[in-house]
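Asks: Before I ask anything, here is the structure I am working with.
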Amino acid sequence: MNPMKRFFQVFGGTLLLAYSLAAFSGWEMSGNTKRNTLPPGARNAGGYRTWHFWSGGK
Amino acid sequence: MRFWTGASLVSICPQCKSAIGRKGADLEAIGTVAELVPTSSPFKVGMDARPQKGMRPFHIAGRLQLSTGEGTWDEWYVGFTDGTWGWLAEAQGGFWLMMPVKPPAVPAFEALSPGETLDLGGYGSFAITEVREATYSSAEGELPFVAPPGSVFRYADLSGADGSLATLDYGDGPTLDGFYVGKPVALASLGIAELVAWSDRTVSVKALALNCPNCGGALQLKDPANTVRIACPSCGSLLGSADTKDQGPPSKFTVLEKLAAVPFKPRLPLGAAGALRGHTYAILGALQKTCSSGGEDYFWTEYLLKEEKSEAYHWLAESNGHYTLLEPVPAGEVKDGPRVASFRSKTYRVFSRSQARVAGVLGEFYWAVKTGEATEATDYVSPPRMLSKEKAKKEIAWTEGAYVPPGEIAAAFALKEPLPSPEGVGACQPWPHAETARLWWKTAWFLALASIVVYFLARLITPHAVVYDQTFDLADSARGIYVARGSTTSTSADWSQSDAGAPKPANPIAAREAADNALAAARAIVSEPFETKRGANLAVDLWAPTNNNWVAVGFNLISEATGEVRSFDMISDRYAGIDGGEHWSEGSQNRRLYVPRIPAGKWVLRLDPETEAGKAPPSFRVRLTSGVPHVSHLVWVILLLFVIPTLLSFSKLTFEGRRWAESDFTSAGAERDEDGEDDK
């Protein structure tokens, strides 16, 4: 078959495969979320609530 | 003398060539016919036809040979067993069985013009294809009319919309003598056992391999019995009979026009044979044609082909390396308009119209071709097909055909060298990516549908679950503090109270900052731990009954196991009103956000709601759902699937633009003036 014809079938098939994996695995592109890590000492209810950590950590 | 057919009025003596007419029981000599010109006709007087279904058996009783001065042809007088008679006519390789019918009312001969349409009442509408005079040059056997040999007949050939043909026979006067209507017949369907194939008849006259009387160059004729003119491929001289009434065999041709060199060099070898698109062809000759447009002369080549099976003449037109294979079609089946023409339900757009002139000839031709011969040529296109009209003073001819890539031509005629690459876009050249585009669009639609199926399958099958769903009510409207609905544990308000006992800073700015921090901490909500069962995205929904107010919520998803925090903000805001009598609205009470790649585990959600003092909505709701197939992904996939075929299809617009840039007309059919501008 003409390689040009085959190209789109390969491209489309790959895209569909990738989409299927993403859909079934719940994959998500990176969004507008920030990542941070809470210091071990703050990993408790009080720490979660402590405003100074959040404001100071920004 | 014997009369085989009751309707016969004249019999030609085979010995002395006298034409003997009968008047009742008496016989009368009415003249002597000339020697018959050899033709390549497959018929002979005395043949019996036992046609296939739909036609009656007949006997070939006589032969009438006619000449226009530009060519000679035979018409065969046939008698049927019931005493009726007709003509088996042949011209340009085609055969028609014509029957005499009652003449309709028609205009005078002088009023007829090729290309016009005649309404013949019950017989239907016919296009006039030819208006000529022909000389009764010779005959043999019997004839159904009495006329002295050498008589001139005036006739008009007509073409019907249903493929029928008709002839208006005006005899030698202004009024109609006879009217004949018939249909084309295939040789094989006539059931004549003694028919000789064209190729065999050609072999029988192979003695007509001649030498040019001007340069001595060899002339290998492929169609000698029909050849009226030969342009020597070696010196270009035009050979033919000087006698316009008797073309004679090619062996008697003399030099009509002497040339020192060939006028042009055809790309295809004359005399070559090959199979192309289901037909076996011999290349008989080539015409170089020219026309002027915008002060420039344009040239193209038309090759005359002999189709061996049907014995018809076809054409292979070449322009800038683009080839179009054309064969004659009945004019009556073409509907001609200023911008479009249609043939057998297919519509063609006008592409070019010019006064085409023969600039050079080479090879053998069945008519008295000459340089300078001019016709009005109009091409209509519907790529890859073309419909072409050539109109001269006495006749009009339509041909229809398809674009043929040069590689196919080279292979068909076994050319040793490849043909030059075509320049630009041909008039009826198909867009080369049409098949690819069709496949791509088909693939795109299939994969898009498959993607939609995958989306819904993922929604149905994958374990997506609501891991957190909580409504928060406004507990302190002055400070914008919300508490979880139905919560019995400590609230933000409680925590705020416990923080209220902290010492106040003496510095006013620090004091203000401490107060703000205290308020923010009071507003903060920390959820009970919840669990995500698998690593997946997290759909976060925020809803609030906002109505011309807003609530913004800062989200912090905290992993209990790792301390990983994902932070983002969402807002529910909806504003509506009436401005200038018109209703408007903006914002949304519902918002959704997808958080990527949330690992399985236990999480705590910290919320920081913020709103306008005194205008806080009474509540807001937060819902987290794990593993939700994202519809925007589906949209992106579908867009990506269609963007590439779309880009390919855009290239067709460029291709068509290049095609129509070469046209005398715009793609909409408007004629361009000499400067290339649209003619308004």
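Asks: Check region B:666-677 and report whether any residue there is closer than 30 Å to B:Trp445 by Cα, more than 14 Å from chain A (Cβ to nearest Cβ) and out of contact with any strand residue (DSSP E or B) (no Cβ under 6 Å at 6 or more places or on another chain).
Replies: Yes, there is a match, as at least one residue in region B:666-677 is closer than 30 Å to B:Trp445 by Cα, more than 14 Å from chain A (Cβ to nearest Cβ) and out of contact with any strand residue (DSSP E or B) (no Cβ under 6 Å at 6 or more places or on another chain).
Asks: Which residue, of B:Ser137, B:Ser125, is of a type in the set (Ser, Thr, Tyr), more than 27 Å from B:Pro51 (Cα to Cα), surrounded by fewer than 16 Cβ atoms within 10 Å (Cβ to Cβ) and not assigned by TED's automatic domain parsing to the domain that holds B:Phe343?
Replies: When all the criteria are applied, what remains is B:Ser125.
Asks: Sticking with this one: Take the residues of region B:430-454 that are under 13 Å from A:Tyr19 (Cα atoms), more than 8 Å from chain A (Cβ to nearest Cβ) and touching a residue at least 40 places away in the same chain (Cβ under 8 Å): which is surrounded by the most Cβ atoms within 10 Å (Cβ to Cβ)?
Replies: Among those that are under 13 Å from A:Tyr19 (Cα atoms), more than 8 Å from chain A (Cβ to nearest Cβ) and touching a residue at least 40 places away in the same chain (Cβ under 8 Å), it is B:Ala448.
Asks: Inspect region B:621-643 for any residue being surrounded by fewer than 20 Cβ atoms within 10 Å (Cβ to Cβ), more than 30 Å from B:Leu460 (Cβ to Cβ) and more than 11 Å from chain A (Cβ to nearest Cβ) and give the result as yes or no.
Replies: No: zero hits.
Asks: In addition: Run B:Lys389 past the list (1) away from every other protein chain (no Cβ under 14 Å); (2) touching a helix residue (DSSP H, G or I) at 6+ places or on another chain (Cβ under 7 Å) and report the number of the one that doesn't hold.
Replies: (2)
Asks: Quick check on B:Val628: is it modelled with pLDDT of 90 or more and of a type in the set (A, V, I, L, M)?
Replies: The answer is no for B:Val628.
Asks: Also, I was wondering about something else. Name the pairs whose Cβ atoms lie under 9 Å apart, with the first residue in region B:585-609 and more than 25 Å from B:Pro463 (Cβ to Cβ) and without any contact (Cβ under 8 Å) to a residue 24 or more places away in the chain, the second surrounded by 15 or more Cβ atoms within 10 Å (Cβ to Cβ) and small (Gly, Ala, Ser), and 6 or more positions between them or separate chains?
Replies: Once the first residue is more than 25 Å from B:Pro463 (Cβ to Cβ) and without any contact (Cβ under 8 Å) to a residue 24 or more places away in the chain and sits in region B:585-609, its partners that are surrounded by 15 or more Cβ atoms within 10 Å (Cβ to Cβ) and small (Gly, Ala, Ser) give B:Ser588/B:Ser572.
Condition check ((1) aromatic (Phe, Trp, Tyr); (2) closer than 28 Å to B:Ser189 by Cα; (3) at pLDDT below 95) across all residues:
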{"site": "B:Phe253", "(1), (2), (3)": "yes, no, yes"}
{"site": "B:Val262", "(1), (2), (3)": "no, no, yes"}
{"site": "B:Lys265", "(1), (2), (3)": "no, no, yes"}
{"site": "B:His279", "(1), (2), (3)": "no, yes, yes"}
{"site": "B:Gln288", "(1), (2), (3)": "no, no, no"}
{"site": "B:Ser293", "(1), (2), (3)": "no, no, yes"}
{"site": "B:Tyr298", "(1), (2), (3)": "yes, no, yes"}
{"site": "B:Trp315", "(1), (2), (3)": "yes, yes, no"}
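Asks: Among the numbered criteria (1) closer than 30 Å to B:Gly321 by Cα; (2) at pLDDT below 95; (3) away from chain A (no Cβ under 14 Å), which one does B:Leu474 miss?
Replies: With respect to (1) closer than 30 Å to B:Gly321 by Cα; (2) at pLDDT below 95; (3) away from chain A (no Cβ under 14 Å), B:Leu474 is out only on (1).
Asks: Find the strands (runs of 3 or more DSSP E) located wholly in region B:561-607 whose residues include 3 or more that are more than 16 Å from B:Asp541 (Cα to Cα) and more than 9 Å from chain A (Cβ to nearest Cβ), and list them.
Replies: B:564-579, B:582-588
Asks: Condition first: closer than 25 Å to B:Phe365 by Cα, touching an Asp or Glu at 6+ places or on another chain (Cβ under 9 Å) and assigned to a strand (DSSP E or B). Can you find one or more residues in region B:333-344 that meet it?
Replies: No: zero hits.
Asks: Criterion first (outside the structural domain of B:Leu238 (by TED's automatic domain parsing) and either surrounded by 17 or more Cβ atoms within 10 Å (Cβ to Cβ) or not in a loop (DSSP other than H, G, I, E, B) (or both)) does B:Leu457 satisfy it?
Replies: yes
Asks: If we only count strands (runs of 3 or more DSSP E) wholly inside region B:220-298, which ones have 2 or more residues that are touching a Gly at 6+ places or on another chain (Cβ under 7 Å)?
Replies: So the answer is B:229-231, B:279-293.
Asks: Based on this model, can you work out whether B:Val37 counts as within 30 Å of B:Lys370 (Cα to Cα), buried (at least 16 other Cβ atoms within 10 Å of the Cβ) and among the β-branched types (Val, Ile, Thr)?
Replies: Answer is yes for this residue.
Asks: Here's a follow-up. Looking at B:Ala377, is it at negative phi and either among the polar types (S, T, N, Q) or in a strand (DSSP E or B) (or both)?
Replies: Yes, satisfied.
Asks: Right, here's the next one. Is it the case that B:Val540 is buried (at least 16 other Cβ atoms within 10 Å of the Cβ) and either facing chain A (nearest Cβ under 8 Å) or over 24 Å from A:Ala22 (Cβ atoms) (or both)?
Replies: On the way: buried (at least 16 other Cβ atoms within 10 Å of the Cβ): yes; either facing chain A (nearest Cβ under 8 Å) or over 24 Å from A:Ala22 (Cβ atoms) (or both): no.
No; evaluated as a whole, the condition is false for this residue.
Asks: For region B:218-243, give me the residue count where each residue is without any contact (Cβ under 8 Å) to a residue 24 or more places away in the chain and among the polar types (S, T, N, Q).
Replies: 1
Asks: For region B:1-65, list the strands (runs of 3 or more DSSP E) that sit wholly inside it and hold at least 3 residues that are under 56 Å from the mean Cα position of the chain (by Cα); which are they?
Replies: B:10-12
Asks: Separate question: Output the number of the condition that B:Gly295 fails; it satisfies all remaining conditions of (1) over 25 Å from B:Gly278 (Cβ atoms); (2) touching a residue at least 24 places away in the same chain (Cβ under 8 Å); (3) touching a strand residue (DSSP E or B) at 6+ places or on another chain (Cβ under 8 Å).
Replies: Only one criterion is unmet by B:Gly295, namely (3).
Asks: Can you name every one of the strands (runs of 3 or more DSSP E) wholly within region B:75-172 that holds 2 or more residues which are over 21 Å from B:Ala392 (Cβ atoms) and modelled with pLDDT of 90 or more?
Replies: Fully inside region B:75-172 and qualifying: B:85-91, B:94-101, B:125-143.
The values are calculated or read from the model by the stated rules, or taken from the named source; none is laboratory data. A quick note: this is a predicted structure, and the numbers were derived from the prediction, not measured. Glycine gets a Cβ as well: all are built from the backbone with ideal geometry, and neighbour counts include every protein chain shown.
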